[in-house]
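Single-structure report; data block below.
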Amino acid sequence: MKFYLGTTSKLKISAVEEVLKNYVTDYEILAFNSPSGVPITPWNEDIIKGARNRAENLRKKFLDNDGIYVGLESGLVERFGSVYEETWCVIIFREKEFSAYSSGLRLPSEIV
């Protein structure tokens, strides 16, 4: 299985590999710098939009019908009067889209 990953971040590549090795025996991670189309620190809906754009840009570039396209995007959300950092993952496989997000990490008000 080929997993096209829309980032060259070593940390994110390692995270994807950690997950895959628990579920898949034969896989290849192909990491590329895929544009997110959102600000460098996206807020709210721009986080999932960035993840979706990364996956979709790879799908359009490689046109591998059996490929699995993965977009990851981290950003900030405002909830309950606080700011949280969270990450969205969008996976495109055979024209279907799957998405999930991490639980948020509350940021200290001094740094926001």
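Every number in this text was worked out from the coordinates using simple rules, so none of it is lab data. Source: prediction; values computed, not measured. Methodologically, a virtual Cβ is constructed for each residue, glycine included, from the backbone with ideal geometry; neighbour enumeration extends over all protein chains shown.
Here are the numbers for this structure:
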item: Restricting region 1-17 to residues that are more than 11 Å from residue 73 (Cβ to Cβ) and of a type in the set (D, E, K, R), the residue that is surrounded by the fewest Cβ atoms within 10 Å (Cβ to Cβ); result: 10
item: Residue list for region 18-27, restricted to those being surrounded by fewer than 14 Cβ atoms within 10 Å (Cβ to Cβ) and either acidic (Asp, Glu) or in contact with a strand residue (DSSP E or B) (Cβ under 9 Å, 6 or more places away or on another chain) (or both); result: 18, 24, 26
item: Selection from region 69-99 of residues that are surrounded by fewer than 11 Cβ atoms within 10 Å (Cβ to Cβ) and in a strand (DSSP E or B); result: 96
item: Qualifying residues in region 28-55 (those that are touching a Lys or Arg at 6+ places or on another chain (Cβ under 9 Å) and of a type in the set (Ser, Thr, Tyr)) - the one surrounded by the most Cβ atoms within 10 Å (Cβ to Cβ); result: 34
